[in-house]
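Okay, so here's the structure we're looking at.
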Amino acid sequence: MMNSSTAPMAASSPPTIDIEGLGLDQGALLLVRRALAVLPEGGCLHVLGSAPEWDLHLRAWCRQQGHDVAFSTDASGRLRAELTRHGMALGRWRGAQATGHADAHAAGALAEQAQPEWGLAARGAQVEAGSPAYAFGLREKHQLWADTAADLYAQAAAAQWDPATAIAWAAPFELASEIEAAVVQLMTYLIENENAALLVPARHLGQIHPHYREVVQLLALQCADEARHVEVFTRRATLRGGEPGLSTAGGQASLKTLFDAPDFSTATFLLSVLGEGTFVNLLNFLHAHAPDPVTRQIARLAARDEARHVAFGMAHLEHRLAVEPDYQARLAVAVQQRHEELAGTAGLNEEVFDALVLLAAGNTTVAAVARGHAQVQELKAEMAAGRRARLQRLGFGRDDAQRLADMHTRNFM
């Protein structure tokens, strides 16, 4: 029977393990590795064995790992190996690359540029030389990082909600046909915008080097948020047995410009800082004027998620602009180009505008419609003020912030 404990020897003698007739390819190598692991650099280990050709296998393994080995025969005539332990600087780990510290808050944790050869390795791991290179398009810290990414991910993970239980789908309510139709049209509009909010970050997600795993994790949950929003908006649109409403060419054209953004930072700026920031106002408006409890719950939960997406977008752009101040000019150009590209479109379709007016009005009397129309105009002013405030926080002067806020798409997203 194999005895993996060290044999009784003088205090100055090397430890000895006896692998008996167990071959290295049958598990004995595990025992050798464990015995070597507790030795200091340059420490010696004696190994006794009797399996066929175990010495050849051990010699090959030691050569690969960088350990020295010599063979002799003990007093009983058994073959004995004397191993001298060498660290990772030799053998297969010569040239291994360190990938920073696992904790993003630790000093030197994050590289300014992640190396392709680090591949999918855990941050903080030693990556063996000769590992394959991965062609991640986003592997420079300034291209994607946000200092609050880890905290936002923790918040996002804790704030996930289940559409099946978080919303009282069976809550009783009755709406006039025109109010129900308005809700359905708004849900239809929200679905296509949330499809964009899901797919735009998803296009970039697979390009981010996992060295910056906090951003990868956060964006993955952001995509999950948007998928959940699409689900609940669709379920509310069809809750009373109706079909979804209208989708216009102008709305589709506005959303397509998000897919055409030239890089991750610009796409994040247009989608999260400007678009989703505006949508937080819209969802809060829907929460305030929802004609039924289901719509009210949906709007509240979705607005909470969207506010977190805006927070990441702002944090990322603040980081990038601190590193690369000239990038601000590229953001301004992106807004201007989008405005010019959409100049010939109708913007927000009249069905969505009328639906907002109806929800704020509550009915179709003249006085109610006048009140609803005024409240929608107040909503648009709040949206513009919010965009201006976020632009100023990113370092734009007041006049430039006002001009760019006013140039944002009339489709809100």
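Tabulated data
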read-out	value
0 to 90° range, to nearest 10: angle between helix 54-65 axis and the chain longest Cα axis	50 degrees
Pairwise label distance in nanometres, Q97 with E231, each label 7 Å out on the Cα-Cβ vector	3.9 nm
MRE, 222 nm, helices only [DSSP H, n ≥ 4, -39500 (n - 2.57), over the chain, to nearest 500]	-17500 deg cm²/dmol
Ellipsoid equivalent to the stretch 256-361 - semi-axes via the Cα gyration tensor, in Å	30, 19, 9
Dipole in debye (nearest 20) - the stretch 20-144, about Cα centre, beta carbon charges: Lys, Arg +1; Asp, Glu -1	80 debye
Net dipole in debye of the stretch 72-185 [+1 Lys, Arg Cβ; -1 Asp, Glu Cβ; about Cα centre; nearest 20]	1120 debye
Candidates A355, A227, A98, ranked by Gaussian network fluctuation over the chain, Cα under 10 Å, top entry	A98
Check: the stretch 141-407 dipole with +1 on Lys, Arg Cβ and -1 on Asp, Glu Cβ, in debye	420 debye
Relative contact order, percent, the chain [alpha-carbon distance under 8 Å, six or more residues apart]	13 percent
Ranked by how many other beta carbons lie within 10 Å on average, peptides 370-378, 113-121, 289-297 from highest	289-297, 113-121, 370-378
Value in Å of the Kirkwood radius, where the chain supplies the Cα pairs that are averaged	25.7 Å
Extended-chain gain in nm, criterion 0.36 nm per residue less alpha-carbon gap, A288 and A171	40.3 nm
Cα long-axis angle, helix 327-341 against the chain (0 to 90 degrees, to the nearest 10)	40 degrees
C-alpha center-to-center spacing [the stretch 194-211, the stretch 292-358] in angstrom	16 Å
Gaussian network model of the chain, springs between alpha carbon atoms under 10 Å - residue of L317, L83, L110 with greatest fluctuation	L83
Diffusion coefficient, µm² s⁻¹, Stokes-Einstein with Kirkwood Rh over alpha-carbon pairs of the stretch 27-75 at 20 °C and 1.002 mPa s	183 µm²/s
The stretch 201-324 - Rg and Dmax from Cα coordinates, angstrom	16.0, 52
Highest-first arrangement of 170-180, 194-204, where packing means the average Cβ count within 10 Å	194-204, 170-180
Helix 350-361 axis, angle to the chain major axis (alpha carbon atoms, nearest 10°)	80 degrees
Overall dimensions of the stretch 195-248 by Cα: Rg and Dmax, Å	14.8, 47
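Bear in mind these aren't lab numbers, they're just calculated from the coordinates by the rules spelled out. All values reported here derive from a predicted model rather than from experimental measurement. Heads up, the Cβs are rebuilt from the backbone with ideal geometry, glycines too, and the neighbour counts pull from every protein chain shown.
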